[in-house]
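Below is one structure, written out as structure tokens; comments come after it.
The values are calculated or read from the model by the stated rules, or taken from the named source; none is laboratory data. Just so you know, these numbers come straight off a predicted model, no measurement behind them. Using ideal geometry, Cβ is built from the backbone for each residue, glycine included, and neighbour counts are taken over all protein chains shown. Ligands, DNA and RNA are stripped out before the accessible areas are found, and what is left, the full protein with its side chains, is counted by its heavy atoms. Shrake-Rupley method; radii C 1.70, N 1.55, O 1.52, S 1.80 Å.
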Amino acid sequence: MWKIKHENWALLLSNAIFVILCLVCLIGLLRYPYIGLVLENNEETWTVVAVDPYGEGARSGVSEGDIILQMDGLAPEQHSSVRIWHEVVDVSVLIVQTPGEAARTVHIVQPSPFKTLLSEMTLIIVGLCFWLMGLKARMKRPNLQPASALFRLNWLVGLLFVLTPASSRGLWFAKELMFIGVALAAPLLVHYIAVLLKREQEKSYRTIMGLLLILPVLILFTILLKWSGFVYAVSELRAMSLLNGLFGFTAACTLLFRLWGLPATEPEKNRINLILVGLLAGLLPFLIFTVVPILAGVEPVMYSRITALFVAILPFTMSYAVIHQYLPDSRKLVQEGFAYLMAGIVTSLILYGFLSARGWLPGKDIDSYLALFALTMGTILLFLSLKFVGHKLAERFDTGQEAASNEDWTEHKEALHPDDEKAILEELSRRLKLEGALVFVEQDGSVFLMKACGRYESNQAEQQALEEYHLTSLKTVHTGQLLPRTFPAEFYFPFVSGGFSCGLFLGYRRSRVTLNAQELPWLNIIAGQTCQRLKALGDIKSLQERVKAGEEKMEELYWKSRPAALLKRWLFKNLEEEKRKLARELHDGPLQNSLYLYQRLQALKDLPDGSVNAHVLSEIKDRVDDLSYDLRTICGELRPSALKEHGFMPALEGFVQETMRHELLTITMDVKGISRLDRFEEDMELTVFRLVQEGIRNVLKHSGSGNAVITIVQHDKEIRVEIKDDGKGFDPALIQENMQDELQTDSRFGLIGMKERVEGLGGEFTIISGSGQGTVVRAALPYRKGR
């Protein structure tokens, strides 16, 4: 526990020191101008021997060969910067004399903070990139030794880039730290590469490290002598630090080239490619165009502000090799890096042209463009960082939501996407940097599913080969195994759990690095978790299908039972209506006749014997006949006696004649294949009679027609009944709507009652109608001969 805390404190302290030193350097940049004049003492005369074209001295008109007479009213040797480093630092007024001319006063103007930051933006951004990428690798892989080695290297190199512009502005110990830091960067670089490639135990590595540590010790000893005033040795210090850096670069490349002969399928070979590309693309321009000319004693072809742009490639390649230790992909990194570099160059050129045309740039020189380019690349890096952080936050937010999903099923019953299995495979391929993945799923011995992504998605030949291998290996292979290189896939994992089984195939890596036996344990873990996800997904889909089928069945039963319930209510309501009608008819007819007969008979009772005449008796007889007729009529409507005694044909004929006698309706009845003497089952005869009776009533009530045709045909053990009119018709779909309208339309329920009565006997019921087209009611009833 103490060790973990100690390491955390060391990491925090190193980062705090870096930030504090950056702030100190930033203050130095804004406080002191960069003059860029190097002097040499020739017989007590201080002559300018080097002028940086980016310094304020060159902008003020000072050139090589000029003599510096005074600096802020003092002799040059009285300034510590001239005495120790032979540089002009922290001066506002110079007395300068060009040989053969009179002395002149040169005022050194402090540029605006914006211009200062703009001119030094390149070095600052490169330094921050080194530090941040090293910190990212350290945070991503906290337990890996290469991550710690990279953090130390990037911390130092990042600090050197930030110190570079401050070292020439009079910041205390800045130059000393620069020389020592440049010399120490070389052994740290070699140490990082050796640790990453696991070559730190080799004898050659120890020898190289010993040689690389000699010059930093010499530089430190020389600086101590310089402080004591025994030596000047400015050029020697610069040469020793740069030589050590050059030697470190050569040693690192040699170590990498020694391993160049490894097969392309080895992970180390791909890491070698990554680091070598970064070293050559990042450091080679800096060494050729800046370091070598300085060591040769000539002007640099390119100053550090330009070559530093190439060095910015290095932290990204080195951190990528550490973070993606298991599955690096140098080709993809180079492609993406080149694309972002070209985007930065094009964007910065467009910005430079636009700002120059508007006159918004402080100067139309290479410094302005380099500052814009550095700002553009920094913006791109910031965008990528924000995108990465947003992606991680979104993943964490989604994970938190899934973990806290204790809500009702009704809020999460949306159907899963049909390609969820494919999405799992795509995520697996993306995270493992694979060319593709394929899975065969079988559930409950019947459901067979194949999902593929990447190279297998449209390659049917490979799909067929993998399917054949899966079917033959599922019962014999019990763990994940590597497949031969000639096979379409590189890894196969079988999975069986209850009624669920699947075979997962993983394709080759896009980086051409093959899987090896050391990676099998974690490959088995990943493949097993993936198959568990597929099984859970299949169970969820199966459960959803069952729930959906249950919901549909319940809904179907509900709508099936609802007509029956509504019909039952309608029957009770109709029964009550029939009772009221019967009571009214009994009251208006038989009951009135009975009261009349009672009164007449009561009056006859009071008459003397022999006084009753024939007229009174005839009147009583007529009333008795009326009473009998009314009772027979009511009984006939309730249950026609002719139906029971003679069958439905005589009963229908009587009903038709009675209806035409009392209503303005012409009824035509056509009967085929049935005689008046044929008898059928009582339920069937009653159904046919009620069907015709209800159909004629609907014609009278709703059709508005004066004609109706009844057709009854016996055909193939069926009795087919049809009632047709030429009235106004209606929409049959309204029947279902009126069913749900709380029995507001009794006529529609009359039709539904007819339908239920026919289907109850195993028959078929059909209604054909339309607005203005009349109505046809058809029924087909299976029959057996009755009495």
Residues located in region 678-688, provided they are under 15 Å from Gly654 (Cα atoms) and open to solvent by 10 Å² or more (accessible area, probe 1.4 Å): Leu686
Residue count, region 6-29 (criterion: in contact (Cβ under 8 Å) with a residue 12 or more places away in the chain and either among the β-branched types (Val, Ile, Thr) or loosely packed, with under 11 Cβ neighbours inside 10 Å (or both)): 1
Some residue of region 467-483 being within 19 Å of the chain's Cα centre (by Cα), at pLDDT 85 or above and open to solvent by 40 Å² or more (accessible area, probe 1.4 Å): no
Hey, Asp678 of a type in the set (Asp, Glu) and either at pLDDT 85 or above or in a loop (DSSP other than H, G, I, E, B) (or both) or not: yes
Filtered residue count, region 454-464, keeping only those that are open to solvent by 20 Å² or more (accessible area, probe 1.4 Å) and either in contact (Cβ under 8 Å) with a residue 60 or more places away in the chain or closer than 19 Å to Thr514 by Cβ (or both): 3
Candidates Glu236, Glu176, Glu268, filtered to the one that is buried (at least 17 other Cβ atoms within 10 Å of the Cβ) and of a type in the set (Asp, Glu): Glu176
Looking only at region 57-95, and only at residues there that are small (Gly, Ala, Ser) and in contact with a Leu (Cβ under 9 Å, 6 or more places away or on another chain), the one that is surrounded by the fewest Cβ atoms within 10 Å (Cβ to Cβ): Ala75
Contacts under 9 angstrom Cβ, first residue in region 660-683 being under 19 Å from Ile696 (Cβ atoms), partner part of a loop (DSSP other than H, G, I, E, B) and among the polar types (S, T, N, Q), 6 or more apart: Leu665/Ser705
Selection from region 488-516 of residues that are of a type in the set (A, V, I, L, M) and either open to solvent by less than 20 Å² (accessible area, probe 1.4 Å) or within 21 Å of Glu435 (Cβ to Cβ) (or both): Ala489, Leu504, Leu506, Val513, Leu515
Test: residue in region 110-120 that is within 30 Å of Leu243 (Cβ to Cβ) and not polar (S, T, N, Q): yes
Unmet criterion (only one of (1) free of Cβ contacts under 8 Å to residues at least 40 places away in the same chain; (2) in a helix (DSSP H, G or I)) for Phe230: (2)
Selection within region 690-719 - open to solvent by less than 10 Å² (accessible area, probe 1.4 Å) and hydrophobic (A, V, I, L, M, F, W, C): Leu691, Val692, Ile696, Val699, Ala708, Ile710, Ile712, Ile719
Pairs with Cβ under 7 Å, 6+ apart, first in region 164-186 and free of Cβ contacts under 8 Å to residues at least 60 places away in the same chain, second among the basic types (Lys, Arg): Ser167/Lys175
Long-range neighbours under 8 Å by Cβ, at least six apart or interchain, first residue touching a residue at least 24 places away in the same chain (Cβ under 8 Å) within region 524-544, second β-branched (Val, Ile, Thr) and part of a helix (DSSP H, G or I): Thr530/Ile424; Arg533/Ile424; Leu534/Ile424; Leu537/Ile424
Qualifying residue in region 118-138 (condition: touching a residue at least 24 places away in the same chain (Cβ under 8 Å), among the polar types (S, T, N, Q), in contact with a helix residue (DSSP H, G or I) (Cβ under 7 Å, 6 or more places away or on another chain) and more than 26 Å from Tyr32 (Cα to Cα)): no
Tally, over region 198-217, of residues that are out of contact with any helix residue (DSSP H, G or I) (no Cβ under 6 Å at 6 or more places or on another chain) and not basic (Lys, Arg): 8
Flag if Phe648 is modelled with pLDDT under 85, within 17 Å of Pro782 (Cα to Cα) and surrounded by 16 or more Cβ atoms within 10 Å (Cβ to Cβ): yes
Hits in region 441-453 (condition: β-branched (Val, Ile, Thr), within 27 Å of the chain's Cα centre (by Cα) and either modelled with pLDDT of 90 or more or open to solvent by 20 Å² or more (accessible area, probe 1.4 Å) (or both)): none
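Each row is one residue, and each column tells you yes or no for (1) hydrophobic (A, V, I, L, M, F, W, C); (2) open to solvent by less than 60 Å² (accessible area, probe 1.4 Å); (3) over 30 Å from Glu236 (Cβ atoms); (4) at pLDDT 85 or above.
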| position | (1), (2), (3), (4) |
| --- | --- |
| Pro293 | no, yes, no, no |
| Arg305 | no, yes, no, no |
| Ala339 | yes, yes, yes, no |
| Leu355 | yes, yes, yes, yes |
| Trp360 | yes, no, yes, no |
Single residue of region 110-127 satisfying the filter (in a loop (DSSP other than H, G, I, E, B) and either open to solvent by 30 Å² or more (accessible area, probe 1.4 Å) or in contact with a Phe, Trp or Tyr (Cβ under 6 Å, 6 or more places away or on another chain) (or both)) that is nearest to Ser235 (Cα to Cα): Gln110
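Residue-wise test of (1) open to solvent by 30 Å² or more (accessible area, probe 1.4 Å); (2) aromatic (Phe, Trp, Tyr); (3) touching a Gly at 6+ places or on another chain (Cβ under 9 Å).
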site	(1), (2), (3)
Ala194	no, no, no
Glu200	yes, no, no
Phe221	yes, yes, no
Leu243	yes, no, no
Leu246	yes, no, no
Any hit, region 745-766, residues being modelled with pLDDT of 80 or more, within 19 Å of Ser675 (Cα to Cα) and surrounded by fewer than 16 Cβ atoms within 10 Å (Cβ to Cβ): no
